[in-house]
Amino acid sequence: MRQSLTRRDVYQTITDQIIEELERGVRPWRKPWSADHMAGRVLLPLRHNGIPYRGVNILALWMAALAKGYRSPIWMTFKQAIDLGGAVRKGERASLTVYANSITRIETVEATGEQTESEIHYMKGYSVFNTEQIDGLPAHYYAPPAPVTEAVPRIERAEAYFASLGADIRHGGPDAYYAIRSDHIQMPPFEAFQDAESYYATLAHEATHWTRHPKRLDRDLGRRRFGDAGYAMEELVAELGSAFTCATLDLNPALRSEHASYIDHWLKVLKEDKRAIFTAAAHAQAAADFLNARQPGAASLGEAA
């Protein structure tokens, strides 16, 4: 049941799916999640063994779950389903995920006998099914996510998460931004947000920008001025990083319309480079990993292969 997709097909297929959503005016990492989907929660997609997916696979499986109405966050291959005693129902269609790795090639120079090593990166697509497409699995694979509890003014786990970063977070004024020269995050007052989760989502966005500082991840995507390709890529990284962090913290923020103007910039970048969303997702995952690693319970956050 492995999909026979070329490397180009993998890049293009997922990029085209995201472009289609953006052209509809929808950010697939900030979908208007309904109460009927995942009990109103945005959960990281999980492998059959409970390990979260990473990077662009998060986006691909979020889109697949919403398009097909799956509530379960768990996915597995055809063979994994069989090994667990299950069976994919006849007629069910798989969803595409990707696997990236590298191999080391050793070559010998005939004239000198010297050996040289070169690292070759590769990516391939493979098929997975949601547990709602599979019969006969152990009961815990079908357990529904716990329902969302009533929102509170402050969310303790999020407060502790961002406090553990050690970032200089200042409050005041109407704008949220990260200032790299002074290395601080500026946030409007907590009370200025329509709900607590929107505040933390914005803070996660700016915290992702915060990771680009030279003394942290030293991320430079060529951003030189407002609206250029580098600016659009950095904003896309921050958007994805915020979405990944919110999913880790089990937050479901409301959509913010003020970011709609970025969509045109993102579409231009994605249409010009089918690898752009993979690059952005990889940078966003690295940023989320960096934030997670600063937590007291780092071993239990973001542990994914």
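Remarks
- The residue that is nearest to the chain's Cα centre (by Cα), among those in region 176-196 that are farther than 17 Å from Glu234 by Cβ and exposed (fewer than 12 other Cβ atoms within 10 Å of the Cβ), is Gln194.
- Positions within region 106-130 being at pLDDT 75 or above and under 31 Å from the mean Cα position of the chain (by Cα), in sequence order: Ser118, Glu119, Ile120, Met123, Lys124, Gly125, Tyr126, Ser127, Val128, Phe129, Asn130
- Number of residues in region 203-221 that are closer than 10 Å to Ala238 by Cβ and not charged (D, E, K, R) equals 7.
- Considering residues of region 244-292 that are polar (S, T, N, Q) and at pLDDT 85 or above only, the residue nearest to the chain's Cα centre (by Cα): Gln285
The values are calculated or read from the model by the stated rules, or taken from the named source; none is laboratory data. Fair warning: this is a prediction, and the values are worked out from it, not measured in the lab. Virtual Cβ from ideal backbone geometry, glycine too; neighbours counted across all protein chains shown.
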